[in-house]
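> One structure follows; several queries about it will come next.
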Amino acid sequence: MSEQQPLHPIACQLACLLVEEQLGPLCKEVCDLLLRKETQSLPELSRGTGCSRFELHQALLVLIQHNCVQPYTLVHDEGGSTPAQTVFQPDLRSILYRFRSARCLLHIIDTWGHIDSPATSKIAECIIEGLLENGRLTSDQLCINVAGKLDAGCKNQTPHKSIKRTLCQLISNHYVERAPPADLPMPRVTVHPKALSKRGGMSSSAKAAADQAENVRRLDKVGYGKERYRIPNDLRLDDDSSDCQSASKRQKVNHPSGTVGAELKGAPILWRVSFEEFNRRFRHDACVELIDQAKDGKAAAVAAAILQKTRQFETILKEESSQPTSAGIIKAALEEMKSRDTELPDIPDVAEALRQLEDDDLGLINSAPGGPDGTTYQIDLRFCISLTRLKAMEAIVRQRFGRLGLRIWRVLLLTGQLEQKSIKELALGDQKEVRQLLYGMLKAGFMAVTDIPKTADRAASRTFYTWRVQPESMTEKIGIDTLHAMFNVASRLSVESVLNSELLQQLELENKAIFKTHGQQLGRLKVVRDLLESSLLRLDDTSALFNDF
Amino acid sequence: MAGRGRGGFRGRGRGGPGFPLAKDDEGNVLSTQIEGPPPLYPELVELPDRPAITSRDERLLRKHRALASFYKKSPYYLKRNSDSGPGTGGVTAEIDRLSGISKKRREGPSLQLSDVMTLHPKYFPPELYNGKQRRTGGSSAKQQQFWASQQADKGKDDQDMNERLAKLEKQETAASKTDKDGKAPGGGEKGEDEDNEEKRAALEDEVFEEDDEDGYGHDDDDYLQGQDYDDDEGYDVDEGGGDDAFY
């Protein structure tokens with residue numbers, strides 16, 4: 001559960017479009033209101049949407065089921081007469097992560113062999129698919145759902161034991177998590193420091209009481225954080241080969257008294273897909289791909305082994321660097337990976353490979369001497385992701401502003417602030433062309449201008465104007481632009497579907513006559529749909545790089 | 001003081017244009033004159049190449065469409081009650097409405113949310129459902145039936161549009177072949193002219209087959225002659241009535 005973050009309008013529009021496409025216009029209406037108002041109670045929602053009571057309840061149930069909306073309990077005053085109220089808050093990130101569902105399924109199919117035997121790959125895929133389709137399910141429901149998918153058309157029935165075992169594997173690898181309860185405290189709203197100072201300070205005693213109340217309520221949230229990946233007793237199997245037991249021992253925690261950790265009697269456990277873990281895997285994949293491109297396959301294999309071993313210690317998605325790991329542990333991880341995937345390259349001397357990686361000027365891997373196991377190594381994840389983003393930014397600048405524009409951008413990135421004349425000399429471009437490109441990039445949000453006046457009147461003729469590139473603001477700008485592009489593509493796809501709805505209906509009914517009369521139109525529709533949907537999924541990959549990693 | 005009266009303007013620079021000038025960074029004057037009407041169309045932009053769809057894209061598309069198809073047919077897809085009125089469901093809905101076949105009879109009874117969801121106060125606020133709808137977990141028979149029907153439909157939905165088009169084309173070709181072969185099942189060697197004649201006949205059949213089905217006929221049909229065709233009909237008929245006014 002992350003703290004509340006401001007919702008960008010275009011991201012909200014995109015989320016509404018996705019909800020309408022997948023969950024219907026009723027859910028879209030409710031979601032739209034929640035994204036605009038951020039937190040609403042039931043009466044406020046009823047007034048704002050104009051839906052009937054039954055429709056509103058149905059929509060909220062579906063949105064909660066699919067993790068698009070999270071209910072919280074709002075306590076107005078401690079020990080007061082006002083009862084606690086349930087409020088609903090949209091989870092914008094969870095809604096936008098639904099674009100990544102297909103990618104998550106492919107990730108499970110392609111990488112399950114590294115985690116468990118390939119024979120259970122289909123079971124794992126069906127479990128994730130069942131959870132993506134239904135939002136939240138209990139373990140029994142999952143077993144029946146998966147058994148139905150696997151046994152369709154087959155005489156043999158998949159035993160529920162193997163499905164539960166695979167579910168345990170998924171939970172221990174954090175792909176699947178428990179659904180959060182409905183009575184968690186609301187996340188803290190981040191207030192700008194200047195707003196705090198403007199409001200005026202509370203008295204110290206009142207502030208201390210408020211902080212204490214806040215901490216007490218936050219225990220429940222901390223309790224859920226620790227319970228998220230705990231495997232319950234009924235799911236744990238007795239076979240020795242299962243990793244569930246070791247995972248459950250690793251996750252044994254002390255439950256604080258009177259908190260959500262103490263499960264209600266008879267309360268079922270609902271499981272859902274953990275998009276945070278999938279994003280973490282995709283982030284690691286991006287780092288490994290960068291190292292593969294910068295160095296070679298052996299370095300990439302070493303990096304993959306480090307990340308696989310240290311993944312369990314990461315607590316947040318955007319970790320700065322991996323945990324320090326010794327060469328011996330990395331070697332053991334590499335051997336384990338090699339036993340599951342024979343296509344990995346052979347690395348006879350792991351320590352030498354690590355030393356070569358560390359000596360590289362890029363600085364992707366850092367080492368620290370000492371420690372009981374010798375020298376430890378860690379990957380600078382933040383730096384890897386920033387390099388990957390820089391490469392993507394260069395590609396965007398080159399596509400939009402050409403080679404000269406890219407040269408100008410690189411010159412400013414390396415040198416910092418420069419005047420227009422200096423840029424022209426270093427970038428080897430024409431004065432007029434350089435000026436046009438600079439102003440074009442300024443308009444696109446890729447550049448910033450600083451004026452340094454010589455006199456107090458700030459006259460233009462007596463002012464220096466320097467140009468600079470700010471990668472952080474450019475990252476944010478490209479992230480928003482990517483969401484905007486996704487919205488445009490999704491809208492166009494929706495319009496195409498509406499314009500050709502009659503034709504698609506006839507195709508559904510397998511009407512042979514339409515092929516003769518509308519064959520060309522159907523062919524064009526097919527090409528357009530393929531292009532738009534594949535573009536949408538590719539844009540989501542870019543959005544993940546700039547917004548989520 | 002002396003310069004304020006008649007000579008006031010003299011000290012302020014001579015030969016000035018009297019209006020502000022736009023200048024660029026080097027001090028060159030920029031032209032601000034309008035050079036005619038704006039262009040009718042914007043400049044032609046060189047569009048980028050169409051992106052190629054890789055095998056990974058195809059796999060992603062398959063999974064993405066399978067999920068989208070599931071959501072559309074699931075009880076999670078909610079419409080407003082006002083959306084199911086007349087004129088809102090397209091041709092299929094209108095046909096159903098006018099022919100008297102109800103959607104329920106065609107697709108079977110619809111599922112309720114409480115049949116497929118585990119409504120427990122721990123996860124869903126109690127004010128959103130009543131005690132009758134509440135389920136404490138475990139799979140109901142209706143839920144299993146729903147998943148089984150989804151799995152059965154999935155086999156059909158997995159067919160991409162291209163495959164469906166290919167299937168329809170094959171059926172159509174087989175049907176048209178059966179019609180022709182029924183009359184001349186043998187073959188033998190045919191001359192080139194006969195082949196061309198056959199192809200021409202096949203083309204004509206293709207173009208005019210719809211008309212045949214509708215019974216409009218061929219060359220002597222006035223509808224095919226165009227709007228300028230004068231069939232000389234209807235001018236010599238004496239309708240009677242003389243010169244009386246027509247009301």
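> Would you point out the residue of the stretch B:31-61, among those that are more than 8 Å from every other protein chain (Cβ to nearest Cβ) and part of a helix (DSSP H, G or I), that is farthest from A:Glu21 (Cα to Cα)?
B:Ser55
> Also, quick follow-up: List the number of the failed condition for A:Arg272; all other conditions in (1) within 30 Å of A:Ile329 (Cβ to Cβ); (2) modelled with pLDDT of 90 or more; (3) in contact with a strand residue (DSSP E or B) (Cβ under 9 Å, 6 or more places away or on another chain) hold.
(1)
> Then there is this: Filter the stretch A:428-449 for residues that are at pLDDT below 90 and within 42 Å of the chain's Cα centre (by Cα) and give the result. Explain how you work it out, then say what you get.
Initial filter on the stretch A:428-449 (at pLDDT below 90): A:429-432.
The one that is at pLDDT below 90 and within 42 Å of the chain's Cα centre (by Cα): A:Gly429.
> Filter the stretch A:127-145 down to the residues that are farther than 18 Å from A:Ser172 by Cβ, over 21 Å from the mean Cα position of the chain (by Cα) and part of a helix (DSSP H, G or I) and list them by number.
If the condition is that a residue be farther than 18 Å from A:Ser172 by Cβ, over 21 Å from the mean Cα position of the chain (by Cα) and part of a helix (DSSP H, G or I), then A:Asp140, A:Gln141, A:Ile144, A:Asn145 are the ones that fit.
> Still on this model: Name the residue that is nearest to B:Gln171 (Cα to Cα), counting only residues in the stretch A:518-529 that are surrounded by fewer than 18 Cβ atoms within 10 Å (Cβ to Cβ) and within 8 Å of chain B (Cβ to nearest Cβ).
Applying the filter and picking the extreme gives A:Gly519.
> In addition: Working only within the stretch A:109-128, note down all residues that are over 19 Å from A:Gly148 (Cα atoms) and crowded, with 22+ Cβ neighbours inside 10 Å.
Across the stretch A:109-128, the qualifying residue is only A:Trp112.
> If we keep just the residues of the stretch A:108-132 that are in contact (Cβ under 8 Å) with a residue 12 or more places away in the chain and within 11 Å of chain B (Cβ to nearest Cβ), which is farthest from A:Val176 (Cα to Cα)?
Taking the stretch A:108-132 first, the residues in contact (Cβ under 8 Å) with a residue 12 or more places away in the chain are A:108-109, A:111-116, A:120-132.
Now narrow it down to the ones that are within 11 Å of chain B (Cβ to nearest Cβ): A:108-109, A:125-126, A:128-130, A:132.
Values: A:Ile108: 12, A:Ile109: 15, A:Glu125: 12, A:Cys126: 13, A:Ile128: 8, A:Glu129: 12, A:Gly130: 12, A:Leu132: 11 Å.
By that ranking, first place goes to A:Ile109.
> Follow-up. Please specify each residue of the stretch A:292-330 satisfying the condition of being over 19 Å from A:Leu387 (Cα atoms) and of a type in the set (Asp, Glu).
Correct list: A:Glu314 only.
> Can you tell me how many residues in the stretch A:301-322 are surrounded by fewer than 17 Cβ atoms within 10 Å (Cβ to Cβ) and either assigned to a loop (DSSP other than H, G, I, E, B) or among the aliphatic types (A, V, I, L, M) (or both)?
Initial filter on the stretch A:301-322 (surrounded by fewer than 17 Cβ atoms within 10 Å (Cβ to Cβ)): A:312-313, A:315-318, A:320-321.
Filter once more, keeping what is either assigned to a loop (DSSP other than H, G, I, E, B) or among the aliphatic types (A, V, I, L, M) (or both): A:315-318, A:320-321.
Result for the stretch A:301-322: 6.
> Output the residue which, of all residues in the stretch A:458-497 that are away from every other protein chain (no Cβ under 14 Å) and of a type in the set (A, V, I, L, M, F, W, C), is surrounded by the fewest Cβ atoms within 10 Å (Cβ to Cβ).
If we filter the stretch A:458-497 for residues that are away from every other protein chain (no Cβ under 14 Å), which is where we start, we get A:458, A:468-484, A:487-488, A:491-492, A:495.
Of the ones still in play, those that are also of a type in the set (A, V, I, L, M, F, W, C) are A:469, A:474, A:478, A:480, A:483, A:487, A:495.
Details: A:Val469: 22, A:Met474: 24, A:Ile478: 22, A:Ile480: 18, A:Leu483: 25, A:Phe487: 21, A:Val495: 10.
Only one residue fits best here, namely A:Val495.
> Within the stretch A:24-65, count every residue that is facing chain B (nearest Cβ under 7 Å) and part of a loop (DSSP other than H, G, I, E, B).
As a first pass, look at the stretch A:24-65 and keep what is facing chain B (nearest Cβ under 7 Å): A:24-27, A:42, A:55, A:57-62, A:64-65.
Adding the requirement that they be part of a loop (DSSP other than H, G, I, E, B) leaves A:24.
Total satisfying the criteria: 1.
> Residue pairs, Cβ under 7 Å, 6 or more apart or interchain, first in the stretch A:448-465 and under 20 Å from A:Ile408 (Cβ atoms), second assigned to a loop (DSSP other than H, G, I, E, B). List them.
Going by the 7 Å Cβ cut-off, the qualifying pairs are A:Ala448/A:Gln470; A:Thr450/A:Gln417.
> Does at least one position in the stretch A:498-512 carry a residue that is away from chain B (no Cβ under 14 Å) and acidic (Asp, Glu)? Walk me through how you get there before you give the answer.
Initially, the stretch A:498-512 is screened for residues away from chain B (no Cβ under 14 Å), giving none.
No, the stretch A:498-512 has no match at all.
> Determine which member of the set A:Gln58, A:Gln89 is modelled with pLDDT of 90 or more and within 13 Å of A:Leu26 (Cα to Cα). First the steps, then the outcome.
Details: A:Gln89 fails: within 13 Å of A:Leu26 (Cα to Cα).
Of A:Gln58, A:Gln89, the one residue that is modelled with pLDDT of 90 or more and within 13 Å of A:Leu26 (Cα to Cα) is A:Gln58.
> Go through the stretch A:90-107 and report how many residues are under 19 Å from A:Arg178 (Cβ atoms) and more than 12 Å from chain B (Cβ to nearest Cβ).
Within the stretch A:90-107, residues that are under 19 Å from A:Arg178 (Cβ atoms) and more than 12 Å from chain B (Cβ to nearest Cβ) number 4.
The values are calculated or read from the model by the stated rules, or taken from the named source; none is laboratory data. Keep in mind that what you see is a predicted model, and the values were worked out from it rather than measured. Neighbour counts run over all protein chains shown; Cβ positions are idealised from the backbone, glycine included.
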